[in-house]
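Below is one structure, written out as structure tokens; comments come after it.
The values are calculated or read from the model by the stated rules, or taken from the named source; none is laboratory data. Because the structure is predicted, anything quoted here is derived from the model rather than measured. Neighbour counts run over all protein chains shown; Cβ positions are idealised from the backbone, glycine included. Accessible surface areas use protein heavy atoms only, side chains included; no ligands, DNA or RNA. Shrake-Rupley method; radii C 1.70, N 1.55, O 1.52, S 1.80 Å.
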Amino acid sequence: MFSAGRRSPAPLALLLLLLSRVDPAVAAADDADVPATGSRPNFLLLMADDLGIGDLGCYGNSTLRTPHIDRLAREGVRLTQHLAAASVCSPSRAAFLTGRYPIRTGMTSSNGQRVLQWAAGSGGLPAREITFARLLARRGYATGLVGKWHLGLNCERHDDHCHHPRSHGFASFYGMPLSMMADCAPDDGGGGGGPSRGTSEKREALRGRLRLGAQAAALALLTAAAARLARVLPAPARRPWLAAALAAAAAAMAAASLYVGDFIRRADCIVMRDRDVVEQPADLDALNARFLREVRAFLARHRSDPFLLLASFYHVHAPLVTDPPFRGSSAHGPYGDNVQELDWMVGQVMEALEREGLANGTLVYFTSDNGGSLEARAGGAQYGGWNGPYRGGKGMAGWEGGIRVPGIFRWPGVLPAGRVSDEPTSLMDVFPTVALLGGAPLPEDRVIDGRDLMPLLRGETERSAHDVLLHYCQLFLHAARYADREHGKLWKVHFSTPLPEPAGAGACYGRAVCPCHGDGVRDHRPPLLFELTSDPGERRPLPAPGDGARGDDPAAAAALEAVGRAVRGHRLTLSRTLTQQLGSIYNVWRPWLQPCCGRACRCREGDAGSGPA
């Protein structure tokens, strides 16, 4: 350390004061002592997209090969009740990064929008939110994100980057700012051996609206012509623009419907390096190799620095971008092939970590943002995952299949190998765990819903710090769970559940995703009650306390009372002034926010025309 001799410390104190004004909530953590670099781990966080918990060998699958992820579980701690804070990606990922329920950050809506829909929308993770990347960057960590973001880009201009990863603590970013979507595959659906598209997320809906508009304009034109012949309307000479306008509108909408696919691919399926667009639309055939290239390069660059790297895989979201060596490799079609390639890529990342000599000093975490999608189908094939014995899937509110996700932590020499915990934990717990291990005190100006996992992971306690966890669907509280340690039971309460389509099915096959409210949801008064320890699949609802015809369980009554108290206390902590970032005003395509490169928003990585427009 440099010595200041006998000089006054006032200039240094003034400099520190000025620097601390950048963000008081975050900078307050800088006042604490920073542990020596050697005592702080590196962090390698691996997040899959839409992976079913039942797709992995270490969680009971015997028909798919996942040896690399299974090895992480053998060498680390496996959590069996690890839970996403939402059953779809944008709110779940926001909760993961901030340690807060999405309803606290505004990553919700009340109008049916569940995730960010467009790269050129103005919604996203608000600047006031503090991520673990932001905290650790201020503690001297090199921070990076490779892969999927899906938490917004811009607010008012195409280059203000108010929601960009670099505005949330990630010093480097390479990947897709929106998401891998079924719409990112060409219209042929990969019939030539390429990506298997699965259910289109926007393409068919937009085409349907345009075709309906064209039909309406054509019908109006025919009606006007028939009325003219019947001498009901004035002669065309008096209003010549009417027929021309209707004909032009019909032709324009019909033509536009033919180009919807290309429009969405160029608008949303883009690759960025830091703040520059380097490829538009994304070359799916090169995506996986580039993902691994960037992860390896980050590890090599920072092998001598403390680092946090979030490797956010595009797997296993449709369109199931699977490279040729893995096509046809599984017994479960395109989805199984994609899972096995994901496992291989995890192995490649771990091999790079070991090659750089970083394995023993790195806490590795593997999870998924939510459960597997049951509605993802095409041509009779299943394009979404298997959620094991758990009911429901992605987007299905509080049912276990949509929110129970893999949770594996590995840190050689620190965490016991082979430990398994059945305690309720959350993706939100990663925020305080990573922050505290990295030497960053938690912000004190906001509610943090996550809890430090280290005592549970180390085996210093057998209980998690969560008695009650809440399960929201948009703004609506659908379910809650209560760990009744006195009776050794885990209770699940459902206030609302989505109605399957068709009736009796296990998912909402008539929709892209189940709704959160309205006609497609059933409210339960009294609430549905399950005991998850004996009924993890939520198949046998218990009698409501007070129903004398079927008997009472005092433990069940106590569980409902405990959940009620927790919900009332939780609601007292919610802000009523948050902007709902997924609401329709912010979640529509805005041309002036569209990120572009090259001419006509088209470029290939490495081309002279790639980069900001």
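Brief remarks on what is shown
- Among the residues making up the range 569-597, those that are part of a helix (DSSP H, G or I), open to solvent by 40 Å² or more (accessible area, probe 1.4 Å) and touching a residue at least 24 places away in the same chain (Cβ under 8 Å) are P591, W592.
- In the range 268-282, the residues that are open to solvent by less than 10 Å² (accessible area, probe 1.4 Å) reach residues that are not aliphatic (A, V, I, L, M) and not in a loop (DSSP other than H, G, I, E, B) with C-beta atoms within less than 6 angstrom, at least six apart or across chains, in these pairs: C269/C184; I270/Q280; V271/E279; Q280/R266; Q280/R602; Q280/C603; P281/R265; P281/R266.
- Identity of the residue in the range 559-580, charged (D, E, K, R) and touching a strand residue (DSSP E or B) at 6+ places or on another chain (Cβ under 9 Å), that ends up farthest from L528 (Cα to Cα): R571
- Residue within the range 452-473 that is within 20 Å of the chain's Cα centre (by Cα), in contact (Cβ under 8 Å) with a residue 12 or more places away in the chain and over 22 Å from P536 (Cβ atoms) present: no
- Number of the condition not met by G510 [criteria: (1) part of a helix (DSSP H, G or I); (2) open to solvent by 20 Å² or more (accessible area, probe 1.4 Å); (3) of a type outside the set (D, E)]: (1)
- Within the range 137-166, residues that are more than 14 Å from A119 (Cβ to Cβ) and β-branched (V, I, T) reach partners that are open to solvent by less than 20 Å² (accessible area, probe 1.4 Å) and part of a loop (DSSP other than H, G, I, E, B) with beta carbons closer than 7 Å, at six or more positions or on different chains, in the pairs T143/G169; T143/F170.
- Selection status of A566, open to solvent by less than 60 Å² (accessible area, probe 1.4 Å) and either at pLDDT below 95 or part of a loop (DSSP other than H, G, I, E, B) (or both): no
- Yes/no for G190 being in contact with a strand residue (DSSP E or B) (Cβ under 6 Å, 6 or more places away or on another chain) and modelled with pLDDT under 75: no
- Any hit, the range 73-82, residues being out of contact with any Gly (no Cβ under 9 Å at 6 or more places or on another chain), in contact (Cβ under 8 Å) with a residue 60 or more places away in the chain and either surrounded by fewer than 21 Cβ atoms within 10 Å (Cβ to Cβ) or not aliphatic (A, V, I, L, M) (or both): no
- If you check A600, A549, A544 for being in a loop (DSSP other than H, G, I, E, B), under 30 Å from P281 (Cβ atoms) and modelled with pLDDT under 90, only one passes: A600.
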